[in-house]
1. Give me the count of lysine pairs in the stretch 63-258 whose alpha carbons sit under 13 angstrom apart, restricted to pairs 8 or more positions apart or on different chains.
2. Taking the chain as the reference, fit the longest principal axis to its C-alpha atoms, fit the long axis of helix 372-399 to the helix C-alpha atoms, and give the angle between the two in degrees, 0 to 90, nearest 10.
3. Among 37, 226, 150, whose Cα lies farthest out toward the positive end of the dipole of the chain, if unit charges sit on the beta carbon of Lys, Arg (+1) and Asp, Glu (-1)?
4. Report the per residue volume, in Å³, of the convex hull enclosing the C-alpha atoms of the stretch 63-258.
5. Taking the Cα centre as origin and putting +1 on Lys and Arg beta-carbons and -1 on Asp and Glu beta-carbons, what dipole magnitude results for the chain, to the nearest 20 debye?
6. Can you figure out the FRET efficiency of residue 175 with residue 111, using R₀ = 22 Å and their beta-carbon distance, to the nearest 0.05?
7. Would you look at the GNM of the chain, springs on alpha carbons closer than 10 Å, and say which of 274, 373, 330 moves the most?
8. Can you list the aspartates and glutamates whose alpha carbon is less than 12 Å from that of residue 302, not counting same-chain residues fewer than 8 positions off?
Amino acid sequence: MGLIWQLAFRYLRGKRTANAVPILSRISMVAIAVSSAAMIIIFSAFNGIEAKVKAVYNNFYPDLKITTARGKFFSVDSAKLAAIKQVSGVRNVTTVIEDNVIADNHGQQKVFMLKGIDKNYFNINDIRPLIEVGADSVSEGHPYTAIAGLRIINELGADVNDVFSYVELFYPNPTITNPEADPLSAYQSLKLHPAGAFKTQDEFESKYVLAPLSLTQELLHAKGMYSSIELSIDAQTLDKTKMRLAELMGTGWKVETRYEQNKTLYMVIGAERWAVYAILVLVLLIASFNMVGALSMLVLEKQKDIAILKAMGAQAGSIRTIFLLEGVLWSMIGGLSGIVIGVAVCLAQQYFGFIKLNGSSFLDVYPVQIQVWDILLVIVTILTVGLLASWYPAIRATKAVDPTLKSA
């Protein structure tokens, strides 16, 4: 093995005179380095975006959510709620009711999701760090207050700092069977002062308004009813707690984790990541074709060396290993160089934020996050591609015989 390594490193250095093999080998290394750096940078960018998006979703989606399998609202007695709180692994429980409502403020109208919450809500979905201006709580005493997305407040022209600024909400009155005959009673209304505004991803800024639970139930004609029970759970017991709650609730109920509440989002993030990985692997394979040609030329150039090694008693497996090792060395040198470059670019972006995201209220700079598993995946990919690219030239090397030695 010592001789095999010496020969592999000797062929790696190449001759000092300019010939095709060293030039092609350097080109192969550069192509692999560029592909490897691209993998690290793109994976880190995906990691950064994914971490930021998940952090925002964690503020609006609980660890576990219990909903009815049928219908929009449901009622639950105090004994059932007490039993849910006693389940091992459950830390906090809150009841929530939500539905779409129409808002009006001096002729400015918008449809959004009104979410009725109790005092325990912020122990499960803590959006207080996202509050940009105003209060971080809601009040069901006069004046009635709410917390809304900053985009909603701006679109309605409301003023958080003006206590006389109100937004009027409208919801269809289900008790009216003939709204044309009595249009004034067709909608139930509620006036709320937007006392606080949160700033986050546009999806949530333009969607949610948080209001007191009792007022929301009254507006939605669902007194004593809820649309979901939201829970915070110990991370170590999440799966077991979900099973216990599903058994407790029985049929007709859904108990969903945060992943299950946003299954499409997580699937899209995963699919995009692996789609980009597949494209970069394809680019890497195309770059490896150059390595196949360079190694094949190296085999032709070293026929005399191969013949001498055979005459000295070298086995076919040893000769094959020399050129397999040569291909792996080429790919690993290029790959590790690319990894170093990619990590350096990501660290520069992480600490200095050279790439900005103009026009985004959610992020100021493009987020990146380096993960060890991504680096290991790139190394394994490079090693695999190097072995595949050098396999055919290595097989040819075992069959190569220098014609001058053969005639002698």
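1. On the way: 65/242; 65/254; 72/254; 85/242; 110/207; 115/207; 199/207; 242/254.
Qualifying lysine pairs in the stretch 63-258: 8.
2. The helix 372-399 is inclined about 30 degrees to the chain.
3. 37
4. Numbers: hull volume 24.7 nm³, N = 196.
Hull volume over Cα atoms, normalised by residue count, gives 126 Å³.
5. On the way: 37 positive and 34 negative charges, 562 e Å.
That gives the chain a dipole magnitude of about 2700 debye.
6. Working: r = 22 Å, r/R0 = 0.99.
Approximately 0.50, to the nearest 0.05.
7. Highest fluctuation among the options: 373.
8. 402
None of the figures in this text is laboratory data; all of them are computed from the coordinates on show. Note that the coordinates shown come from a computational prediction; the quantities given were computed from them, not determined experimentally. Please note: Cβ atoms are built from the backbone with ideal geometry, for glycine as well, and neighbour counts cover all protein chains shown.
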